[in-house]
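Here's the structure, in structure tokens; my notes come after.
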Amino acid sequence: MSEQPQQPRKGPPGATRLRLTPAAPVEDAGSQALSEALRSSFFLVKIAMVLLALYFCCSNFKFVSEQERAVVLRFGRPVGEGEAALAGPGLLMAFPYPIDEVVSLPAAQILSAASSVGWYMEDPRTTAAGAAVPPRPTLNPVQDGYTLTGDGNIIHVKATLRYRVIEPIKFYFNFTNSAELVTNALNNALYHASARFTVDDALRRNLAGLQEKVAARTEELLREQDLGAQVQQVDLVTAPPRQVKEAFDQVTAAENQRSELINEAEGYANNILSRAKGEAEARRNRGLADRTRLVTEVEAEARYFKELLPSYNQGPELFARRLQAETLGRVMTNAQEKFFLPARADGQPREVRLQLSREAQKPKAALETPKPAGHSH
């Protein structure tokens with residue numbers, strides 16, 4: 001603080017007035033340091049306020065990943081309609097809360113729902129331990145779930161549904177609990193589909209058909225409710241009532257044995273038929289080969305006789321003698337001994353005597369003894 005200048009005192013009249021020069025203000029060192037500290041503090045406070053303002057303005061900026069989409073709610077309502085309200089991957093800028101609120105939604109994520117309305121009551125501790133729940137004497141409708149088949153039988157069914165959200169705005173903002181609605185649709189589909197199958201088809205013969213029917217019914221209900229979800233897969237587990245499971249097992253064993261016997265008989269029949277077909281084909285091929293050979297031989301003989309016909313027509317007797325001579329020539333070519341018996345002039349038969357088991361004749365060259373060289377007789 002600076003000192004106030006001293007005012008000159010008034011003297012008696014006629015006295016000479018002395019004017020005092022005012023002293024220069026002297027600032028206290030502590031006050032100056034405090035002033036500088038306050039100025040620095042005010043500067044830091046201003047910077048902090050600016051940073052806080054920037055942080056507040058950017059507090060609702062969000063980076064959206066590839067696996068998600070985002071929706072900006074302005075005063076509780078989505079900004080935009082339909083697909084335009086969904087923000088894709090990248091930086092999303094929105095006004096600070098509570099003006100805007102950014103809600104992240106999973107993209108292309110497969111969700112699941114489970115239904116056990118048709119399954120019997122299980123003890124979670126026993127099930128977790130992997131032990132079978134002992135059946136009660138009778139089915140208790142208050143505790144045990146079940147479905148009715150088309151032929152009036154009771155079965156137990158539980159299902160697991162996998163679905164995908166294709167319209168997030170409808171699914172997440174048009175309903176309070178969309179996941180519960182999906183589960184309700186699955187429950188309805190189980191009752192609806194079970195009533196259209198027989199007990200044998202639902203348990204053994206056509207479980208795949210039952211699964212397809214449940215999936216189709218669930219998809220139909222989701223479209224009717226306009227949930228914005230699409231069914232991907234349905235897995236079913238079916239079981240007969242535990243009180244009569246042994247009887248069902250016996251029927252199943254009998255059907256399996258029947259199927260094995262039928263398959264064995266069909267295999268045997270197929271084997272016999274294959275062998276018979278093979279043998280028939282072989283015989284047919286042999287018959288075709290024999291027919292071809294016989295036809296070829298007959299055609300060759302026919303051509304041969306056609307070639308001989310002109311010679312026969314010119315002279316039958318001469319032709320017969322010539323043909324006989326040619327035949328004898330071919331026959332006698334390889335014969336070592338030849339006997340010719342002309343017919344007798346009187347036409348009487350001749351007597352022929354054959355010496356059997358006689359010694360073989362030696363070659364003439366072996367019978368001749370070579371003469372010694374240098375001797376003459």
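Below 14 Å, Cα to Cα, which aspartates and glutamates can K62 reach? Residues fewer than 8 away in the same chain don't count.
Cα-Cα hits under 14 Å: D100, E101.
Could you give each residue of the stretch 312-317 its phi-based ³J(HN,Hα) in whole Hz, using Karplus coefficients 6.51, -1.76, 1.60 with θ = phi - 60°, and x for Gly or Pro?
5, 5, 6, x, x, 5
So what's the net charge close to A282: Lys and Arg +1, Asp and Glu -1, counting the other residues with Cβ under 14 Å from its Cβ?
For residues surrounding A282, the net value is +2.
What area, in nm² and to one decimal, does the C-alpha convex hull of the stretch 195-275 cast on average over all directions?
Average of the hull's projected areas for the stretch 195-275 equals 8.4 nm².
Provide the net charge surrounding R217, with neighbours chosen by a C-beta distance below 12 Å and charges set as Lys +1, Arg +1, Asp -1, Glu -1.
Counting the neighbours of R217, the net charge comes to -1.
Between E264 and K46, what length comes free when the chain is fully extended (0.36 nm per residue of separation minus the Cα-Cα distance, one decimal in nm)?
69.1 nm
Scale the Cα Rg of the stretch 242-320 by the rule-of-thumb value 2.2 N^0.38 Å and send over the ratio, two decimals.
2.87
Mean shadow of the stretch 186-232, computed from the convex hull of its alpha carbons, in nm²?
Its Cα hull, projected and averaged over all orientations, spans 3.2 nm².
Let's test the formula: R0 of 41 Å, r as the Cβ-Cβ distance of F75 and A37. What FRET efficiency results, to the nearest 0.05?
0.40
Once you have the Cα-Cα distance between A302 and A282, take 0.36 nm times their residue separation minus that, and quote the gain in nm to one decimal.
Working: separation 20, 0.36 × 20 = 7.20 nm, distance 2.99 nm.
Here the answer is 4.2 nm.
For E246 and Q143, calculate 0.36 nm times their separation in residues minus their Cα-Cα distance, and state this gained length in nm to one decimal.
So the extension gain works out to 34.9 nm.
Every read-out reported here was derived from the displayed coordinates using simple, explicitly stated rules and does not represent laboratory data. If you're wondering where the values come from, they're calculated on a predicted model, not measured in any experiment. Methodologically, a virtual Cβ is constructed for each residue, glycine included, from the backbone with ideal geometry; neighbour enumeration extends over all protein chains shown.
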